[in-house]
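One structure is given below, encoded as structure tokens.
The values are calculated or read from the model by the stated rules, or taken from the named source; none is laboratory data. This one's a predicted model, so the numbers in the text were calculated from it and none came from an experiment. Every residue, glycine as well, gets a Cβ built from its backbone with ideal geometry; the counts of neighbours run over all protein chains shown. Just so you know, the surface numbers come from the protein's heavy atoms only, side chains and all, with ligands and any DNA or RNA stripped out. Shrake-Rupley method; radii C 1.70, N 1.55, O 1.52, S 1.80 Å.
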Amino acid sequence: KEYDPELRRRLREELGVPEGGFLVGAAGALDRSKGFDILLQAASEACLDAPSLYFAVAGEGPQRAALHGELGRLGMGEHFRLLGRRKDVHRLFHAFDLFCMPSREEGLGSAVLEAFAAGVPVLASDAGGLAELLHPGKTGSLVPRNDMKALKEALVSISLNPEPARAMARQAWQLASGQFSVMGMAEAVERVY
């Protein structure tokens, strides 16, 4: 996906991210399995150490009301936005500095592949297929599932020193463009047969 600085600027303005802000994006169903409640808790603590952090979560689901209530209780204000269902999630990747997937349970983690393809650094829990997709220190960062403290520390660390995560994003893009391309998938199926 080609980088579009004007689209990035417009999206970040729409999302209320000031210049110099570090935007962590997430997307998925707002249900317990996706761990957005853990992300919200970690975000509230991380913003104390790194006030330039902002969060945007695209998705809808049964936990929306609870998350919205917790947002108010934590006083996250404009630092954490629930975007609802978005048909343009693929465009949102232009605005993200980091994509976070804090799942308790996860299959393949196709949103992580989208982040790879967009060249966005990824921080995820070690749930399910995420642990197979992300190679810590090479294609992204992993934290233990359900570990709010580890997630908070990773968010702060990456936002204060983003270059290593950007380097991993470049390696992840190479993985996605090779291993998960149509040709790469066809070759893998052919090897099985």
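For the range 95-145, state which trypsin sites (Lys or Arg not before Pro) are in a DSSP loop and have at most 13 other beta carbons lying within 10 Å of their beta carbon. Don't skip to the end; give the middle numbers.
Details: sites: 104, 138, 145; in loops: 104, 138, 145.
Taking the range 95-145 and a limit of 13 other Cβ atoms within 10 Å, the loop trypsin sites (Lys or Arg not before Pro) found are 138.
Rounded to a whole number of µm²/s, how large is the Stokes-Einstein D of the range 1-113 at 10 °C and 1.306 mPa s, given Rh as the Kirkwood radius over C-alpha pairs?
On the way: Rh = 14.3 Å.
Answer, rounded: 111 µm²/s.
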Surface share of carbon and sulfur [accessible, 1.4 angstrom probe, percent] for the chain: 53 percent
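How high is the FRET efficiency between residue 167 and residue 60 when r is their beta carbon distance and R₀ equals 30 Å, given to the nearest 0.05? Don't jump to the answer; show the numbers that get you there.
Values: r = 34 Å, r/R0 = 1.13.
Efficiency computed from Cβ-Cβ geometry: 0.30.
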Packing-based order for 66-72, 106-112, 117-123, using average beta carbon neighbours within 10 Å, highest first: 117-123, 106-112, 66-72
Å² of accessible area per residue within the range 1-91, as computed with a 1.4 Å probe and no ligands counted: 52 Å²
Sequence-distant residues sharing a close amide H with residue 99 (under 5 Å, placed H): 25, 122, 123
MRE, 222 nm, helices only [DSSP H, n ≥ 4, -39500 (n - 2.57), over the chain, to nearest 500]: -14500 deg cm²/dmol
In the range 1-90, chymotrypsin sites (Phe, Trp or Tyr not before Pro) in a DSSP loop with at most 10 other beta-carbon atoms within 10 Å: 3
Answer label for volume of the Cα convex hull per residue in Å³ (calculated), chosen among [x] 115; [y] 178; [z] 134: [x]
